[in-house]
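Before any comments, here is the structure.
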Amino acid sequence: MQNGNPEPASDRIPFWETEAFAGLLASAERPFYLYDLGLIRERAERLRNWLDPSILVYYAVKANPNPDLLRAMAAWTDGADVSSGGELAAALKAGFSPERIHFAGPGKTDAELRFAVRAGIGAISVESPNELDRLEAAAFAEHRIADASVRVNPSLLIRAFAIKMGGKSSAFGTDEERLPEMLDLFGRMPHVRPRGIHVYAGTQCLDAEALAANFRQTADIVRGTLAGGKTPLLRLVNFGGGFGVPYHEGQTELDAASACAALNAEWAGLKKELNPADAPVAVLELGRWLTAQAGLYAARVVDVKSSRGRDYAVLEGGMNHHLAASGNFGQVIRKNFRAANLSRPAGAETVEVTAVGPLCTSIDVMGDRIRLAKPEIGDWIGIYDSGAYAYSASPLLFLSHPRPDEYAADPDGAVRRLSRLPESGAADW
Ligand SMILES: Cc1ncc(COP(=O)(O)O)c(C=O)c1O
């Protein structure tokens, strides 16, 4: 904390606030995403500075799996968290080393398990007794020993996670109360080597103290396994993450430096109880905190109209390109993303307008009664905080509109168009 304010994650001026951005707007042919890689690098560097060096930062590929962005993340983070065979293939291709890949997800198929075993990844996070059986069979079939962690659904519910994945009945992991049984099962698997504990209890948390409580409960779960003599689950403690970003009015930036300090303290205490000969490591897995605020989505206005007292701007892209901005990706009460008319000067007078996408559904609302510099046909409307769970989390095929383009602004300010995501993640493996 500095003067009561959290240390900023970045001081860099986003590319879309620089003069060079006008060149991109002038040449763009269709709606697009722009990722400011310099911003992402700065956030990754700050995180690294805040964390003890023995805590590894894994990038959660699901947040943004663009292949070029992944290549950059392979250089700026320590490893990857993947949740499908497609993400695993993409992470390997991007240059993440197999030992630094962690594979979690409740529906891993036999083919995905075999692929992960064959690739020799650092840990496959086992989510259920049946999955453990299937992992044993996969490892046997591949003539390999599979390194695995146990995903635990903790008993304590952390309310500050906007999206809760643990601390209640959940499809993710093994309930904490049943962990001893699960560890016994591990002991009976000749081709599965237990490596660690994984807790991922939720996401989009803006409260550093709640994150600290989550880290504490993970450490206590590990202590419980040590006390029960259910070892050797000692090498890897994956503390999960859940660092959130402020998307909506009234939300404030997470004090990430304090959350990291809490993790450092928790890990320092726990590490003393682990066997140094096992060279134990901790992992913090983050997606949105690294990339969300480094992304902008932009679409042109194709029509302006008014209906019964309300003004509308109809955009060339909507929830088909950016489901989250329409409020249909995990929001209970719809809230607007921050938006601006990128074609008008920053200080221009604003009007109230509802920005909608081009789809034939009333839920395709990209900004409900937001304030924008008066939009005209042809203006570019920008939606901020669009670098995570955006392109790849959207129903791109819905209504058969073209997909948006993707661009990166490199740390030196050069802009390039990015390669498209492969149609099917399974094609590579
Ligand atoms: C196991 C796991 N790790 C990491 C993440 C990344 O979350 P976030 O992007 O909010 O950091 C998720 C998100 O659902 C997840 O399920």
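Some points to look at:
- Count of the range 218-237 residues which are within 16 Å of the ligand (Cβ to nearest atom) and either surrounded by fewer than 22 Cβ atoms within 10 Å (Cβ to Cβ) or assigned to a helix (DSSP H, G or I) (or both): 2
- Failed item in (1) within 16 Å of the ligand (Cβ to nearest atom); (2) free of Cβ contacts under 8 Å to residues at least 60 places away in the same chain; (3) surrounded by fewer than 23 Cβ atoms within 10 Å (Cβ to Cβ), with GLY240 passing the rest: (3)
- First in the range 388-412 and within 27 Å of GLY242 (Cα to Cα), second anywhere and within 16 Å of the ligand (Cβ to nearest atom) and hydroxyl-bearing (Ser, Thr, Tyr), Cβ under 6 Å, 6 or more apart: ALA388/THR291; ALA408/TYR35
- For the residues LEU37, LEU69, LEU56, LEU25, the requirement of being among the hydrophobic types (A, V, I, L, M, F, W, C) and over 17 Å from the mean Cα position of the chain (by Cα) singles out LEU25.
Each row is one residue, and each column tells you yes or no for (1) part of a loop (DSSP other than H, G, I, E, B); (2) outside the structural domain of PRO404 (by TED's automatic domain parsing); (3) within 16 Å of the ligand (Cβ to nearest atom); (4) β-branched (Val, Ile, Thr).
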{"residue": "CYS260", "(1), (2), (3), (4)": "no, yes, yes, no"}
{"residue": "GLY269", "(1), (2), (3), (4)": "no, yes, no, no"}
{"residue": "LYS272", "(1), (2), (3), (4)": "no, yes, no, no"}
{"residue": "LYS305", "(1), (2), (3), (4)": "no, no, no, no"}
{"residue": "TYR312", "(1), (2), (3), (4)": "no, no, no, no"}
{"residue": "GLY317", "(1), (2), (3), (4)": "yes, no, no, no"}
{"residue": "GLY330", "(1), (2), (3), (4)": "yes, no, yes, no"}
{"residue": "ASN336", "(1), (2), (3), (4)": "yes, no, no, no"}
{"residue": "PRO345", "(1), (2), (3), (4)": "yes, no, no, no"}
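- For PRO67: the one exception among (1) modelled with pLDDT of 95 or more; (2) surrounded by fewer than 23 Cβ atoms within 10 Å (Cβ to Cβ): (1)
- For the range 1-99, the strands (runs of 3 or more DSSP E) that sit wholly inside it and include 1 or more residues that are more than 16 Å from the ligand (Cβ to nearest atom) are 32-36.
- Selected residue (criterion: surrounded by the fewest Cβ atoms within 10 Å (Cβ to Cβ)) from residues of the range 160-184 that are among the small types (Gly, Ala, Ser) and within 16 Å of the ligand (Cβ to nearest atom): ALA171
The values are calculated or read from the model by the stated rules, or taken from the named source; none is laboratory data. Quick caveat: nothing in here was measured; it's all calculated off a predicted structure. Ideal geometry is used to build each Cβ from the backbone, glycine not excepted, and the neighbour counts take in all protein chains shown.
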